[in-house]
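Step one of this worksheet: look at the structure below.
The values are calculated or read from the model by the stated rules, or taken from the named source; none is laboratory data. Just so we're clear, the structure is a prediction, and the values are computed from it rather than from any experiment. Positions of Cβ are backbone-derived with ideal geometry, glycine not excepted, and every protein chain shown enters the neighbour counts.
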Amino acid sequence: MLRHCTISELLALRDGEGSAATRAHVDQCAECAAELERLYQRTAGLKALASLNPPRDRWPAVREALEAERRSARWSRVRWAGLAAAAVLVGIVGLQAIPGGTPADDSAAREVVGLVEESQELEALLASFQRPGRVVNGMTAATIADLEDRIAVIDLGITRAQAVSASSDAMADLWRERVMLMDRLVSTHVQQATYVAY
């Protein structure tokens, strides 16, 4: 052999798969023999390293932490929706207590109460779909995120409308929009669950 062995030829020789010509060259060439010896030493050094295995009992703790975080986030949304609903009911009762209210205001106030109840039902239904380990595809996740963002904007509008004692008609419009978005969000979750089931 007129040239030195390549690293792949030396590795093959180390693994017992080298050719007779490579073995003969290494026996005659001090440089290739030294490189082969370094490979043997490196292999032995790597085998001598302590193996680092993760503790076997950590997964339950990690899973519990993830589930606790999800439960906390879910209950946070439900609490905010409940607070918003309670604030609307207080506002409606306050408006009804003011003398001189028009029948249109009373009708809108009753509509708001019905919309708040419908929104709470949709929140409860939505909570039943949000279980740990549920997988959604990318497009569905984007749709869900968009709907949740729009609901958050409506919730902010409801809070601001309550702060300035907005009319019952304005509140009804906001709650109508919220119920429509919640219905679309629940439908998206139902469609995804049906799709995954097949």
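Taking the stated definitions as given, is residue 110 at pLDDT 80 or above, in the same structural domain as residue 192 (by TED's automatic domain parsing) and among the basic types (Lys, Arg)?
yes
Is region 35-52 home to any residue that is hydrophobic (A, V, I, L, M, F, W, C), modelled with pLDDT of 85 or more and surrounded by 10 or more Cβ atoms within 10 Å (Cβ to Cβ)?
yes
Quick check on my filter: what residues within region 115-170 are among the aliphatic types (A, V, I, L, M), part of a loop (DSSP other than H, G, I, E, B) and closer than 24 Å to residue 191 by Cα?
135, 136
Here is a list of conditions, (1) under 13 Å from the mean Cα position of the chain (by Cα); (2) more than 26 Å from residue 67 (Cβ to Cβ), and residue 140 meets all of them except one; can you say which number that is?
Among (1) under 13 Å from the mean Cα position of the chain (by Cα); (2) more than 26 Å from residue 67 (Cβ to Cβ), residue 140 violates only (2).
Against the definition (outside the structural domain of residue 129 (by TED's automatic domain parsing), under 48 Å from the mean Cα position of the chain (by Cα), exposed (fewer than 10 other Cβ atoms within 10 Å of the Cβ) and outside any loop (DSSP other than H, G, I, E, B)), how does residue 12 come out, yes or no?
Judged against the criteria, residue 12 is not a match.
How many of the residues in region 166-194 are touching a residue at least 24 places away in the same chain (Cβ under 8 Å) and within 14 Å of residue 112 (Cα to Cα)?
Number of matching residues: 9.
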